1. Quick one: is Lys362 of a type in the set (Lys, Arg) and either within 18 Å of Gly449 (Cβ to Cβ) or modelled with pLDDT under 85 (or both)?
2. Take region 84-109 and flag every residue that is within 27 Å of Lys143 (Cβ to Cβ), without any contact (Cβ under 8 Å) to a residue 24 or more places away in the chain and β-branched (Val, Ile, Thr).
3. Report yes if Asp116 is part of a loop (DSSP other than H, G, I, E, B) and either farther than 22 Å from Arg312 by Cα or of a type outside the set (Ser, Thr, Tyr) (or both), otherwise no.
4. For region 10-80, please list each of the strands (runs of 3 or more DSSP E) lying entirely inside it that holds at least 1 residues being closer than 20 Å to Leu128 by Cβ.
5. State whether one or more residues within region 153-165 are modelled with pLDDT of 95 or more, crowded, with 17+ Cβ neighbours inside 10 Å and under 12 Å from the mean Cα position of the chain (by Cα).
6. Quickly run through region 209-219 and pick out the residues that are modelled with pLDDT of 90 or more and in a strand (DSSP E or B).
7. Quick one: count up the residues across region 185-208 that are of a type outside the set (A, V, I, L, M, F, W, C), part of a strand (DSSP E or B) and within 27 Å of the chain's Cα centre (by Cα).
Amino acid sequence: MITIQKNDGDRKVLVLDSPFALDESPDFPDYLFDVIFITNESAEETKTILNNINPVTSAKCCYKPLFVARSLEDKMGNYDEIIDGYADDWNDMEVLTKVENILSYRNQLGLNAQEDPILSSNQFFIRLTRYLISRKKTELVPKLDVSASTGYVIPVFDLFYRLGQYELGEYFVFMQSMTEKGLFRTTKFINKVFLCPTCLNSHLLYLQSCPKCGQSAIHTEEVIHHFRCGNVSPEHTYHFGGQLRCPKCHKMLRHIGMDYDRPTTIHTCSTCGNTFIEPKAKTICTNCENTHNADELIPQDINIYEITSDGRQSVISPNIGFTIYTEFYDNYIEYNRFVNRVRLLAEQKFSGNINGDLLVGKVWILNQEGETMPIRSESIEQVCTYFPNNKVSAANNMIYVGSVIRNYKGDTEEDIINFQVLLAEAIRAIQPSLNPGEKVCYTYQKLQGNQSTIDDFIKEMNYVSVTPDDSVDYDPAAVKKEPSE
């Protein structure tokens, strides 16, 4: 059943009790109703209805008040985050008051009653943030959830993640970008978690493995130090008839602290026989089943965020340009994926599968105090345009460009010079967007050394060089240039 009723406040209420393709139906345009009321008393069936008819992802229901049957209170899990109330009657005074408050505030904000269909994760994030603002929910608090991929989740985000609206990498890039732009503000640090580099899942099994062969069949025992003769060896070498006897001087050991002590433990690999003091830490991801060294895990800060006043104004604006480059440029990828790609290329280079140089270009903007500025979407657009055949990403107030110079021959560095030339042209194309006192800089780093230097190379990507290869200051007379042919 689906019908339109008028409440005592003269508002039109869309009443339904079963799933319905509302957005596709020509019989129910958005102007026919102001409020949604779901009367189904089954929690599971109501969740199915809400998957498509809700004030976030439904084009016709955007930001509209939504209520469900009172009997479902405390039964809806994270769906509760998009429900404005539970009631048996749409003319309940509390419901009428809440409806008017929501509609009044939505109109005050200038949010439309209907939005375009969501075609990308970025559009979804903006839609969800607008919805939160329309409900005056400006604090985003992560909660510990054993069933969540990342361990900590903001419930309303997690609801739509489980419905397939976005990938984890897209979520982390969104939160980082909004914070760098000053649209979100970190109000409290909660914890630091470590995520699988492949799928960004936090459900990891930690293993101890042999540093030589990588297997986990490890036997551990204590080492005994005999004070009298100074012998130090594994405990099993002291076992004799149920007592402890030194294998070197054959004296009996009776009192720990007087005859001997146990200074450390030693590990022996049952697979290859290797003996070692410190085992190597590895992880197996229970989601993607990939194995990684513990030092390869991706650290992720879990924070409480607040949508700032600038954030509220920017997100509500119909002209918001947040990360539009991800919609129009195929060469832009999320930062976590960019780092994983750099690591993979580096490993291939050192294994001999790539004959050439791995480069990462970095572009950033400094203000007159010498501080890095949040990256603007137009700057990323310029870099994406100048490097159509390279992967581009952004994080840490920097734009990154990855490149593998596969045609590198002998001591000829022509291709590396061409890479620098394009970076120089790109920052000059960014120049017209600078504010007074600002300057845009670039540098690049080249992978050198051996396998052990990969982590240092990736860490260096986070650092801003005090001596950039080139920079351009703000110039009101700057003329925008086109990329070289």
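1. Working: of a type in the set (Lys, Arg): yes; either within 18 Å of Gly449 (Cβ to Cβ) or modelled with pLDDT under 85 (or both): no.
Judged against the criteria, Lys362 is not a match.
2. none
3. Working: part of a loop (DSSP other than H, G, I, E, B): yes; either farther than 22 Å from Arg312 by Cα or of a type outside the set (Ser, Thr, Tyr) (or both): yes.
Taking the combined requirement at face value, the residue satisfies it.
4. Values: elements: 12-16, 35-38, 66-69.
Output list reads 35-38, 66-69.
5. yes
6. Looking only at region 209-219, we keep the residues that are modelled with pLDDT of 90 or more, and these are 210.
Passing the criteria: none in range.
7. Step one: list which residues in region 185-208 are of a type outside the set (A, V, I, L, M, F, W, C), which gives 185-188, 191-192, 197-198, 201-203, 206, 208.
This time we only want the ones that are part of a strand (DSSP E or B), so: 185-188, 191-192, 206, 208.
From what's left, within 27 Å of the chain's Cα centre (by Cα): 185-188, 191-192, 206.
Qualifying residue count, region 185-208: 7.
Here's the yes/no breakdown for (1) touching a Phe, Trp or Tyr at 6+ places or on another chain (Cβ under 7 Å); (2) open to solvent by 10 Å² or more (accessible area, probe 1.4 Å); (3) on the phi < 0 side of the Ramachandran plot; (4) not hydrophobic (A, V, I, L, M, F, W, C):
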site: Asp8; (1), (2), (3), (4): no, yes, yes, yes
site: Pro19; (1), (2), (3), (4): no, yes, yes, yes
site: Leu22; (1), (2), (3), (4): yes, no, yes, no
site: Tyr31; (1), (2), (3), (4): no, yes, yes, yes
site: Glu41; (1), (2), (3), (4): no, yes, yes, yes
site: Tyr79; (1), (2), (3), (4): no, yes, yes, yes
site: Ile82; (1), (2), (3), (4): no, no, yes, no
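The values are calculated or read from the model by the stated rules, or taken from the named source; none is laboratory data. Keep in mind that what you see is a predicted model, and the values were worked out from it rather than measured. Virtual Cβ from ideal backbone geometry, glycine too; neighbours counted across all protein chains shown. Heads up: the accessible areas ignore ligands, DNA and RNA and are worked out on the full protein's heavy atoms, side chains in. Shrake-Rupley method; radii C 1.70, N 1.55, O 1.52, S 1.80 Å.
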